[in-house]
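Asker: The structure under discussion is supplied below as structure tokens; questions concerning it will follow.
The values are calculated or read from the model by the stated rules, or taken from the named source; none is laboratory data. Nothing here was measured: the structure is a model prediction, and the numbers come from that model. So basically every Cβ, Gly included, is an ideal-geometry build from the backbone, and we count neighbours across all protein chains shown. These area figures cover heavy atoms from the full protein model, side chains too; ligands, DNA and RNA do not enter into them. Shrake-Rupley method; radii C 1.70, N 1.55, O 1.52, S 1.80 Å.
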Amino acid sequence: MANLSKSKPTSFACPNPSLSFSIACDGTKRQKVECKHPAIHEGKCLLCESAVDDDHSVAFGFLHPSFRLSYVFADKMRELSTAAALGLKKLHLVLDLDHTLLHTIRLFNLTPGEEDRLIPEAEWNAVGGPEGQGDVFLTGTEAGEGSITKLRPFVREFLREAHEMFELTVYTMGGRVYSSRMTKLLDPDGLYFSDRVIAREDCTVRGRKSLDMVLAKESNILIMDDTETVWPDHAANLIAIEPFYFFSHGSKKRSVRPSFGHDGEQDCVLATTLQVLKEIHWRYFDSEPGIKGRDVREVVQQVQSRVRNISGDQASPGDAL
């Protein structure tokens, strides 16, 4: 599918509809073919330019503002996307942001000790720290918001290796501006996520996440999230992991120990999860002949004991900024 994030969507691989009847040589009318309105932008079909209501389509605003796909065409795109990924020996992995890949808080919530140590480090990363090695960053300061973000240990290695096995999508309860900032820290060159960043504004049900926003078949999607309760309809796809709290703020409320000040206790959740994902990928593609096309949820069940080992106390939804 074309990248729609920078320009108005203009074309899709759809049959060309006839918008009116034509007269054959014998004077009879040929059958009229109605446009199915597969893709809609600002209330108009991109093929026939007719005004279209929203009753038979779903919004995909993360791909392009005011962009919608018909339910039928969205299903077709899921099939095509899944087939393309399988051709590359890839599945799909949906990743949460907050407390899964990173931890962000407002600057005014830092303790004095955290402020003294972390602010200089974050400022150094902003102006000339080692590229690709920094893991503490100031964000939103240009807008007067003032937040600080700590990347989870091993996250860069995790994304690099996961990208070889999965098409990666971010799905966060954070807003679109916030999610854009965070994915820029994690994927500055756009190699991993492209335009597959789903934010709070895209959720079809308030306070919940759903795979109806992901353009892939559910049978080929894994989810990695620290909060099970936001995925009530997709528990079989979910690998729930222990939440990451680096800063003190919020950790007492969740009865977890923050990582700050305890550097000797390395957070190894992402490294462990990566091994689980590698096993799932291997079982899906390589462990049996002719296994392509099976349901990845069946594979998750096979490794369920290891999946449970990386689950922990759940953070509540809404922690994202």
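Asker: Being touching a helix residue (DSSP H, G or I) at 6+ places or on another chain (Cβ under 7 Å), surrounded by fewer than 21 Cβ atoms within 10 Å (Cβ to Cβ) and farther than 30 Å from His56 by Cβ: is that true of Glu161 here?
Answerer: Spelling it out, Glu161 is indeed touching a helix residue (DSSP H, G or I) at 6+ places or on another chain (Cβ under 7 Å), surrounded by fewer than 21 Cβ atoms within 10 Å (Cβ to Cβ) and farther than 30 Å from His56 by Cβ.
Asker: Hey, can you tell me all the residues within segment 48-59 that are free of Cβ contacts under 8 Å to residues at least 40 places away in the same chain, open to solvent by 20 Å² or more (accessible area, probe 1.4 Å) and either outside any loop (DSSP other than H, G, I, E, B) or of a type in the set (Phe, Trp, Tyr) (or both)?
Answerer: The one that is free of Cβ contacts under 8 Å to residues at least 40 places away in the same chain, open to solvent by 20 Å² or more (accessible area, probe 1.4 Å) and either outside any loop (DSSP other than H, G, I, E, B) or of a type in the set (Phe, Trp, Tyr) (or both): Ala51.
Residues checked against (1) under 23 Å from the mean Cα position of the chain (by Cα); (2) over 30 Å from Phe73 (Cβ atoms); (3) at pLDDT below 90:
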position	(1), (2), (3)
Asp202	yes, no, yes
Ala216	yes, no, no
Ala235	yes, no, no
Phe244	yes, yes, no
Ser259	no, yes, yes
Leu274	yes, yes, no
His281	yes, no, no
Ile291	no, no, yes
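Asker: Does Ile105 meet the test of being part of a strand (DSSP E or B), out of contact with any strand residue (DSSP E or B) (no Cβ under 6 Å at 6 or more places or on another chain) and modelled with pLDDT of 85 or more?
Answerer: Taking the combined requirement at face value, the residue satisfies it.
Asker: Would you mind stating whether Thr100 is open to solvent by 30 Å² or more (accessible area, probe 1.4 Å), out of contact with any Lys or Arg (no Cβ under 7 Å at 6 or more places or on another chain) and of a type in the set (S, T, N, Q)?
Answerer: Criteria not met by Thr100.
Asker: Would you please name the residue that is nearest to Pro65 (Cα to Cα), looking only at residues in segment 204-219 that are in contact with a Phe, Trp or Tyr (Cβ under 9 Å, 6 or more places away or on another chain) and open to solvent by less than 50 Å² (accessible area, probe 1.4 Å)?
Answerer: Met213
Asker: Now for a different question. Could you please find all residues in segment 176-196 being under 18 Å from Ser147 (Cβ atoms) and in contact with a Ser or Thr (Cβ under 6 Å, 6 or more places away or on another chain)?
Answerer: Ser179, Arg181
Asker: Of the residues that sit in segment 82-97 and are among the hydrophobic types (A, V, I, L, M, F, W, C) and assigned to a loop (DSSP other than H, G, I, E, B), which one is surrounded by the most Cβ atoms within 10 Å (Cβ to Cβ)?
Answerer: Initial filter on segment 82-97 (among the hydrophobic types (A, V, I, L, M, F, W, C)): 83-86, 88, 91, 93-95, 97.
Still in the running and assigned to a loop (DSSP other than H, G, I, E, B): 88, 97.
Values: Leu88: 9, Leu97: 26.
Once the filter is applied, the top-ranked residue is Leu97.
Asker: Mind checking whether some residue in segment 28-41 is in contact with a helix residue (DSSP H, G or I) (Cβ under 6 Å, 6 or more places away or on another chain) and either modelled with pLDDT of 80 or more or surrounded by 13 or more Cβ atoms within 10 Å (Cβ to Cβ) (or both)? Give the derivation first.
Answerer: To start, the set of residues in segment 28-41 that are in contact with a helix residue (DSSP H, G or I) (Cβ under 6 Å, 6 or more places away or on another chain) comprises 38.
Now drop any that are not either modelled with pLDDT of 80 or more or surrounded by 13 or more Cβ atoms within 10 Å (Cβ to Cβ) (or both), which leaves 38.
Yes.
Asker: Oh, and also: Can you name the number of the only condition in (1) modelled with pLDDT under 85; (2) closer than 29 Å to Val197 by Cα that Ile23 fails?
Answerer: If we test Ile23 against (1) modelled with pLDDT under 85; (2) closer than 29 Å to Val197 by Cα, just (2) comes out false.
Asker: Where residues in segment 60-79 are open to solvent by 90 Å² or more (accessible area, probe 1.4 Å) and not acidic (Asp, Glu), which of them is modelled with the highest pLDDT?
Answerer: Start the filter on segment 60-79 by keeping residues that are open to solvent by 90 Å² or more (accessible area, probe 1.4 Å), which leaves 71-72, 76, 79.
Then drop every residue that is not not acidic (Asp, Glu), which leaves 71-72, 76.
On the way: Tyr71: 85, Val72: 88, Lys76: 91.
Only one residue fits best here, namely Lys76.
Asker: Tell me, which residue of segment 60-75 that is part of a loop (DSSP other than H, G, I, E, B) and in contact (Cβ under 8 Å) with a residue 60 or more places away in the chain is farthest from Val170 (Cα to Cα)?
Answerer: Only one residue tops the list, namely His64.
Asker: OK, next. Return a yes/no flag: does segment 225-232 have any residue that is under 30 Å from Tyr71 (Cα atoms), in contact with a helix residue (DSSP H, G or I) (Cβ under 8 Å, 6 or more places away or on another chain), assigned to a loop (DSSP other than H, G, I, E, B) and at pLDDT 85 or above.
Answerer: yes
Asker: Another question about this same structure. At negative phi and part of a loop (DSSP other than H, G, I, E, B): is that true of Met182 in this structure?
Answerer: In short, no.
Asker: If I filter segment 165-175 for residues that are open to solvent by 20 Å² or more (accessible area, probe 1.4 Å), in contact with a Ser or Thr (Cβ under 8 Å, 6 or more places away or on another chain) and either at pLDDT 95 or above or not in a loop (DSSP other than H, G, I, E, B) (or both), do I get at least one hit?
Answerer: yes
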